[in-house]
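First comes the structure, then the notes that go with it.
The values are calculated or read from the model by the stated rules, or taken from the named source; none is laboratory data. Keep in mind the model is a prediction, meaning the values are calculated, not measured. Positions of Cβ are generated from backbone atoms using ideal geometry, with glycine treated the same way; all protein chains shown enter the neighbour counts.
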Amino acid sequence: MKYTLLIALCILSRIAFAQPDQIQKKLEGYWLQEGYGIYLEIRDSVYKFYDITNISCQQSASPVLNNWIGSLKSLLDLYDVKKISSKEMILKYGITSYKFKRLKTPLGICQKPIKFSNDPILNFDVLWHTFKENYAYARLRKVDWDKLYKKYRPLISKKTTKLQLYTYFRDILDAIKDAHISLQVPKDLEIAYAKSTASLSNKGKRKRYKYNYPTARYLAQQQVTKMFPQSTFRHFHKDLLMWGKLNQRVGYIQINAMNGFSLDVSIPDSLSTAQYWDRHWGQIVTSLKRGKTIGQYFRDEIRGANVMIDSIVRELSSTSAIILDVRFNNGGTDKVALDILSRFVQQKTAVFSKHVWDKNNFLFEQVIAIQPAPKTYQGKIAILTSRQTASSAETLVLSSLALPNVLRIGSPTMGVFSDVLQKQLPNGWRFGLSNEIYRSNTRQNFESQGIPPKSLIKYPTNVMDFFEAIYSQGKSDLAIQKALDLFSK
């Protein structure tokens, strides 16, 4: 998924690098980021971020910096300043540009921001207003915020417990069925909620699976090795990438996430997958605590992705076709996804557009284009998808719709495209929502329904059933075989 801390590579602003004093002076002031519910103050070379709704203002972590206050220098380590004027500024990180409207005076509601409050009524109202004002898919997913307010608001009082409040929030948000909606609370509250709902979830018969989730996922990912036991497959960062030649004509690249590519980690592959990634992210966090900036980390991520995809494409350059398998990919960073696809693009191509939702309007549409990499692959391409292909993995698939002669095989993707807008409640709980609309180069919106394949394979929607459907095929794989058949025509 596109967790905001992992969604962007941000390069140093060329403008700021050339004329730091001049550009920093121009950035000073009060800024409103419409569509994101963010108010930004820059004064005396210090930035301050606030989350705002129609009824609230509170100190908040920057979407990327993860700190509500800091030096302007650290801000410019992440954002590329694309435009600055007396009326607006546009900052960019990753593939996305963000427009800020300049205010003449400080935002009134933020003169006395909320610092912390456990008031159940206030926390409910902030959550409700944030979704009402910024959630982009209420109409598509048939969510009536006013109706929900009338149903749940009378149930909440000053005496409402944390568990009761969390239960109400879960009832509201889980019903939307949007994988990009999240709610993070203290662990003890999660445990209490799980216990309180255990009797309900245990009603009826639940299917028992032969393997647990990590094992089932691993077996499904390894199905290609059973189909081609004579082939040599190589790996990068445990299960992040797997590639090899299925035969002399066809190469295969399995991409299982759009993040985790940093080359500055060293972990033995002998660890289990769970242990490996715990250690991986642990090393990243440690490096940040020791002084590495988030900007440096993002640049390392993108560098690692580009180094690896270049190496793999060179290794498979003698083939006439490549299968890109993103069936097990739940997302990560759009920048990584588009950089990977740039190895299969022959000319600059506008691949999709995105715009932000603010209250009742669409704002600031931008067209995203891919430039071909210096060295590109010239053969045929097939992309394998499933309902587990999500978020930035879907961005890759969405972008491929603009490319000629790309085969898409499998099931429709999950249908969650927006970057996750991260917010915080007055009581410290964090939550995320979708506030951006992605459209294909032909203006189609595939939210919820997912991107359909050209050649359909009816994989189960349930993730465990899907894994089982893959690893139970003996020494075959329907999607890979379909790609081979189509390549041979």
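A few remarks follow.
- Odd one out for residue 485, checked against (1) of a type in the set (Asp, Glu); (2) under 22 Å from residue 257 (Cβ atoms); (3) not in a loop (DSSP other than H, G, I, E, B): (2)
- Checking each residue in segment 266-283 for being closer than 21 Å to residue 337 by Cα and either modelled with pLDDT under 90 or surrounded by fewer than 18 Cβ atoms within 10 Å (Cβ to Cβ) (or both) picks out only 281.
- When residue 472 is tested against the conditions (1) under 30 Å from residue 184 (Cα atoms); (2) free of Cβ contacts under 8 Å to residues at least 40 places away in the same chain; (3) surrounded by fewer than 20 Cβ atoms within 10 Å (Cβ to Cβ), the lone failure is (1).
- Here residue 243 meets each of (1) crowded, with 18+ Cβ neighbours inside 10 Å; (2) touching a residue at least 40 places away in the same chain (Cβ under 8 Å); (3) touching a Gly at 6+ places or on another chain (Cβ under 6 Å) with one exception, condition (3).
- Count - residues of segment 318-367 that are closer than 30 Å to residue 138 by Cβ, of a type in the set (A, V, I, L, M, F, W, C) and either within 20 Å of the chain's Cα centre (by Cα) or modelled with pLDDT under 95 (or both): 12
- Scan segment 282-303 for residues that are more than 17 Å from residue 80 (Cβ to Cβ) and part of a helix (DSSP H, G or I) and the total you get is 9.
- Looking only at segment 451-467, and only at residues there that are crowded, with 17+ Cβ neighbours inside 10 Å and in a loop (DSSP other than H, G, I, E, B), the one that is farthest from the chain's Cα centre (by Cα): 457
- Given (1) surrounded by 23 or more Cβ atoms within 10 Å (Cβ to Cβ); (2) over 15 Å from residue 180 (Cβ atoms), index of the condition residue 419 fails: (2)
- Counted residues, segment 352-388 - those being under 25 Å from residue 132 (Cβ atoms) and touching a Ser or Thr at 6+ places or on another chain (Cβ under 6 Å): 2
For (1) closer than 25 Å to residue 414 by Cβ; (2) out of contact with any Phe, Trp or Tyr (no Cβ under 7 Å at 6 or more places or on another chain), each residue gets a yes or a no:
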residue	(1), (2)
313	no, no
318	no, yes
350	yes, yes
353	yes, yes
365	yes, yes
377	no, no
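- Selection within segment 97-143: residues that are assigned to a helix (DSSP H, G or I) and acidic (Asp, Glu). The member of this set that is nearest to residue 30 (Cα to Cα) is 133.
- Only one of 418, 440, 448 that is within 21 Å of residue 95 (Cα to Cα) and under 16 Å from the mean Cα position of the chain (by Cα): 418
- Consider segment 144-167 and keep the residues that are outside any helix (DSSP H, G or I) and not charged (D, E, K, R). The one that is surrounded by the fewest Cβ atoms within 10 Å (Cβ to Cβ) is 157.
- Condition broken by residue 238, with the remaining ones in (1) over 24 Å from the mean Cα position of the chain (by Cα); (2) at pLDDT below 95 satisfied: (1)
- Exactly one residue among 395, 385 is crowded, with 24+ Cβ neighbours inside 10 Å and in contact with a strand residue (DSSP E or B) (Cβ under 7 Å, 6 or more places away or on another chain), and that residue is 385.
- Of all residues assigned to segment 428-441, none qualifies as being small (Gly, Ala, Ser), more than 26 Å from residue 303 (Cα to Cα), surrounded by 19 or more Cβ atoms within 10 Å (Cβ to Cβ) and in contact with a Gly (Cβ under 9 Å, 6 or more places away or on another chain).
- Scope segment 316-362; condition closer than 18 Å to residue 382 by Cα and acidic (Asp, Glu); matching residues: 325, 339
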